[in-house]
Amino acid sequence: MGQQIGAQGPGKPGTAVVLARAITNLPTKQLAETPVLIAQERDLLVKCEAALENLRIAYWAAGKALEAIRGGRLYRATHGTFEAYCLELWDISPQYAGKLIRAWRVAEKVFESLGPKSNDLETIVSKRLGYGQAWELVALSEEHGVDAAALLYVALIQAKGMALTAAMVAGAAKALPPEAVGKKKATEEAAVSYLASLEGTKQLTAKKAATDPFATLRRATKKLDTGTVQAALERDPAGTRAMVLEVIEALSSSVGIEVEIKAASPESATV
């Protein structure tokens, strides 16, 4: 999968440079007025998304490489410490290097656990399992093993697909019952239950907003603008004026405001 990388050495990157140089003739405006992309746009989009996918998954390779360099002290020919090597050669802080090292195993295990016949699922994972989502599984993997973390992530992806967010991963990891950890079916049920609870919260919030009288009045006020009234007048002048008078009378009496309504003509009224 991807380009084969030889022993090029620092300062001679392969894949990233190839991907960057492939993006040429950057447009400054939309190239076509059609809703469907033309061939030139499709080709450019493929190249751009390949570069972005490389960026999203690069933490996996970087973390694995850093752990190999640290574990084997491969930095020793040029630097006294691993920390100095990271800072001076790659401009990576020791803290960030440590996070990359802690996160890469989660990504690798997730992809390993997908199996040979899960191309569609692998595509979704490759588009969602960035550093942010992988990091939210690190604590679970360090406490219960990387297999448990991978089980949870795959269960979440199967249930939520492309809509999965890092916040959802974090919440599901915290909500995972101890008795479900490491057990495929129990983990899947826990993941579905957690995601369902989020939907329930959204529905409750929407219902509360719908029944909030102040919010209802505010929505009504925003909708009842001059443009709406004018359009209603053009459709049914007499009926619109009657409704406006009813609204004025109802609102004024409710809040204790006295309003004098004078008929300007048989067909209209002014306030």
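The values are calculated or read from the model by the stated rules, or taken from the named source; none is laboratory data. Source: prediction; values computed, not measured. Because the Cβ atoms are built from the backbone with ideal geometry, glycine has one as well, and the counts that use them run over all protein chains shown.
Structure notes:
- Among the residues of segment 107-121, those that are more than 12 Å from Ile57 (Cα to Cα) and either of a type in the set (Gly, Ala, Ser) or touching a helix residue (DSSP H, G or I) at 6+ places or on another chain (Cβ under 7 Å) (or both) comprise Lys109, Val110, Ser113, Leu114, Gly115, Ser118, Leu121.
- All positions within segment 153-164 that are touching a residue at least 12 places away in the same chain (Cβ under 8 Å) and either among the aliphatic types (A, V, I, L, M) or not in a helix (DSSP H, G or I) (or both): Val154, Ala155, Leu156, Ile157, Ala159, Met162, Leu164
- For Ala134: the one exception among (1) surrounded by fewer than 18 Cβ atoms within 10 Å (Cβ to Cβ); (2) modelled with pLDDT of 95 or more: (1)
- Verdict on Ala84 being within 23 Å of Leu198 (Cβ to Cβ), at pLDDT 95 or above and not polar (S, T, N, Q): no
- Any chance Gly98 is small (Gly, Ala, Ser) and not in a loop (DSSP other than H, G, I, E, B): yes
- None of Lys99, Lys47, Lys29 is charged (D, E, K, R), under 28 Å from the mean Cα position of the chain (by Cα) and assigned by TED's automatic domain parsing to the domain that holds Lys184 except Lys99.
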